[in-house]
């Protein structure tokens, strides 16, 4: 008997998990779609705000100081983006489980 690859084992797990889940209703699918669009828009808005702040820094600060500020803004944006993505996934999970 041949050993299964990690990929084959992972695919079996995914298949087992998916088979245990109830099929989504049209309302749930729509809610999930709406949530994802809403959070994509929030992330895009934060990115636009960050780019605006970066432009202000570059215009109004010495180059070395501006670059440090830009790096800091990018780091903050990545943290915010990750938090929003996690929040979105939590809400999607609630919809999938029928709690929302």
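Just so you know, all these numbers are worked out from the coordinates, no wet-lab data involved. Just so it is clear, the model here is predicted, and its values are computed rather than measured. Cβ: placed from backbone, ideal geometry, glycine included. Neighbour counts: every protein chain shown.
Of note:
- Calculated FRET efficiency for the pair residue 9/residue 78, C-beta based, R₀ 25 Å, to 0.05: 0.20
- Largest-first ellipsoid semi-axes for region 26-97, taking √(5λ) over the Cα gyration tensor eigenvalues, angstrom: 35, 11, 4
- Angle in degrees between helix 26-60 and the longest Cα principal axis of the chain, rounded to the nearest 10: 20
- Approximate spin-label separation residue 30-residue 90, in nm, with each point projected 7 Å along Cα-to-Cβ: 2.7
- Prolate/oblate/rounded call for region 46-88, Cα gyration tensor, a/c under 1.5 rounded: oblate
- Footprinting exposure proxy ranking of 7, 35, fewest other C-beta atoms within 10 angstrom first, gives 7, 35.
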